[in-house]
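What follows is a set of notes on a single structure, which appears directly below.
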Amino acid sequence: MIRNLEPDELVWFMRQALTFVGHSDPHGLSLRLNARLKDAVADAERCFVYAPDAGPPTAGVYLQAEGGGNAVKGAHLASVWHDGAPAALLGLVESLLDQVEPEVVTVPLHLLPKSRSGELEGLLAPLGFRRDDLTRLKFELTDVPPLGSPLVLEAWAPADEGAFRDLFDDCEGASVSDARWSFMKRSGGPFQPDLWFTAREGLDQETVGYAFLGSTAREVDSAYELTSVGVRRRHRENSEMLRRLVLTALREISGRSPVGTVNTLLGASDPKLVSILTSLGFEVLERTPVLIKRPA
């Protein structure tokens with residue numbers, strides 16, 4: 001049986017999770033953490049355990065869902081643990097994902113020792129989870145540097161859908177499923193067609209790259225998400241075209257939100273892009289190892 005916790009079970013739950021990661025004083029720390037909780041009832045509702053017919057629960061997870069509607073529906077699984085019952089944890093996670101139906105799920109690994117993170121990686125692999133190291137970066141739009149030769153940006157339109165997908169495929173060297181394409185459109189919030197750009201050297205020239213952004217607001221201080229950016233394969237040997245593309249997109253967004261910010265979350269597959277963005281003024285906020293499940 002899978003059930004939520006009662007508020008008075010939170011200390012026990014945190015102790016189990018801290019024991020799982022090998023903390024030296026799981027009981028003492030769980031008491032201190034419990035004293036700091038602002039809403040024990042809400043936290044208990046997010047805690048789920050697998051309880052066998054006899055005996056105490058053998059696995060648990062803290063689930064926080066977000067998004068939905070016209071935006072991507074996501075979920076974070078934290079305080080993951082099992083008490084000698086990996087199959088119970090696998091069944092618990094699978095059951096919760098079936099109930100919530102998120103499009104993207106992350107399990108942070110930074111608090112886990114290497115042995116435990118490796119165990120979870122193998123355990124959750126059949127559900128589609130893969131290891132990645134995510135880097136969160138932020139750019140203040142008040143700091144857009146000068147750009148001597150901007151590219152020409154063109155926003156998405158229904159008639160351009162095929163051309164956008166062909167451009168993306170050429171830039172990334174692989175095509176994506178319809179589910180992944182839909183996910184990309186909404187990963188920065190409800191899809192905003194005028195924040196999805198192709199870029200050209202001139203109006204009468206071929207596209208050289210793309211920049212996809214999203215936002216949940218349009219104010220002078222809004223936060224934007226740079227969800228994906230890339231240039232055609234022939235430009236990938238030299239970073240100059242990508243730098244121009246990013247700067248052109250930043251300048252475009254700064255015209256809408258001059259004191260806003262642009263955030264982006266990059267995986268380990270493109271360390272060169274992280275270096276390029278930091279050279280342009282993006283600040284690295286955090287690096288987090290995770291298990292992540294995305295649309296195929």
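Bear in mind that the values in this text are calculations on the coordinates, not laboratory data. Remember, it's a predicted structure, so these values are computed and weren't measured experimentally. All Cβ positions, glycine included, derive from the backbone under ideal geometry; neighbour counts span all protein chains shown.
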Which of 141, 242, 123 ends up with the largest GNM mean-square fluctuation for the chain, with Cα atoms connected below 10 Å? 123
Euclidean distance of C-alpha centroids, segment 1-64 and segment 217-257, integer Å: 43
Please compare each pair in 185/293; 138/185; 138/272; 73/185; 185/272; 73/293 to a cut-off of 22 Å on the Cα-Cα distance and tell me which ones are over it. 185/272
In debye, nearest 20, what is the charge dipole magnitude of the chain about its Cα centre with +1 on Lys and Arg Cβ and -1 on Asp and Glu Cβ, if you could check? 540
Take the Cα radius of gyration of segment 166-232 and divide it by 2.2 N^0.38 Å, with N its residue count; two decimals is plenty. 1.18
For the chain, calculated [θ]222 nm from helices alone, where every DSSP H run of n ≥ 4 adds -39500 (n - 2.57): -10500 deg cm²/dmol
In whole Å, what three semi-axes, largest first, describe the equivalent ellipsoid of the chain built from its Cα gyration tensor (square root of 5 times each eigenvalue)? 41, 20, 18
Estimated distance in nm for a label pair at residue 99 and residue 87, the labels positioned 7 Å out from Cα along Cα-to-Cβ: 2.2
Segment residue 217-residue 29, length gained on full extension (0.36 nm per residue, minus Cα span): 63.7 nm
Normalized C-alpha radius of gyration of segment 72-224, against 2.2 N^0.38 Å? 1.35
When the dipole is taken about the Cα centre of segment 138-288, and only Lys, Arg (+1) and Asp, Glu (-1) are charged at their Cβ, what size is it in debye, to the nearest 20? 260
Over segment 2-128, what per residue volume does the convex hull of the Cα atoms give, in whole Å³? 118
By its C-alpha gyration tensor, with a ≥ b ≥ c as the square roots of the eigenvalues, how is segment 180-296 shaped: rounded for a/c under 1.5, else prolate for a/b larger than b/c, else oblate? rounded
